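Worksheet: the structure to be examined is printed underneath.
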Amino acid sequence: LGEFVEGNILALQNLGKIVGRDDLAHAVRLISQADTVYVAGFRRSFPVAAYLAYSLLQVDKKTVFIDSLGGMSLQQVHAIGANDLLIAVSYHPYAGETVHVVDAAVERGCKVLSISDSLVSPVSKPATLVLQVREAEIRKFRSLSASMCLAQALVISYAFASSQPVAARLGAGTKRSNK
């Protein structure tokens, strides 16, 4: 446990150095300006993509989760267009499904926000913006702690930047004290 905690602490500290305020603000603008946000991530990236899609829906952003059920990932992006945003999450070895979805989105003029471990990955090179995440690797197991932290920061930053009251958008059911 200590090894994983230490490794993830280092990965989170690194995330704070690599992804700056301007990058986060740019990502939030992309989300805000999109008519629909499509989110894709397969294999190891699937939990991050699922969390992003779920959380964006919770703050009332029109979102489509590309889960590739039945191998239908390209069909799930058939309506993607120039006014939309694709958030693509992928790490080495890069899932072919994600690469194909990114290529399809770019072909249709869609902006792409890539969350990846490399600026030159096949999902990063064609992207409008890349948020680079270097996860901890302990005993050949790569964590998702930094990626999940980034996903939370993206959604909460979007919620705060939007025009609706944050507490209502986040589904807060408890009253806040004015102390």
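Residue pairs whose Cβ atoms lie under 7 Å apart, separated by 6 or more positions or on different chains, with the first residue in segment 6-19 and under 10 Å from S145 (Cβ atoms) and the second assigned to a helix (DSSP H, G or I) and open to solvent by 50 Å² or more (accessible area, probe 1.4 Å), are L12/C149; L15/C149. Considering only residues in segment 112-147 that are β-branched (V, I, T), touching a helix residue (DSSP H, G or I) at 6+ places or on another chain (Cβ under 7 Å) and more than 22 Å from G81 (Cβ to Cβ), the one that is surrounded by the most Cβ atoms within 10 Å (Cβ to Cβ) turns out to be V133. Scanning segment 25-60 for residues being crowded, with 16+ Cβ neighbours inside 10 Å, within 12 Å of V155 (Cα to Cα) and of a type in the set (S, T, Y) gives a total of 2. For V106, state whether it is surrounded by 15 or more Cβ atoms within 10 Å (Cβ to Cβ) and farther than 15 Å from I18 by Cα. Yes.
Between D22, D84, D67, the distinction of being of a type outside the set (A, V, I, L, M) and open to solvent by 70 Å² or more (accessible area, probe 1.4 Å) belongs to D22 only.
The values are calculated or read from the model by the stated rules, or taken from the named source; none is laboratory data. Just so it is clear, the structure is predicted and the values come from calculations on it, not from any experiment. Neighbour counts are summed over all protein chains in view; Cβ atoms, including those assigned to glycine, are modelled from backbone coordinates with ideal geometry. Just so you know, the surface numbers come from the protein's heavy atoms only, side chains and all, with ligands and any DNA or RNA stripped out. Shrake-Rupley method; radii C 1.70, N 1.55, O 1.52, S 1.80 Å.
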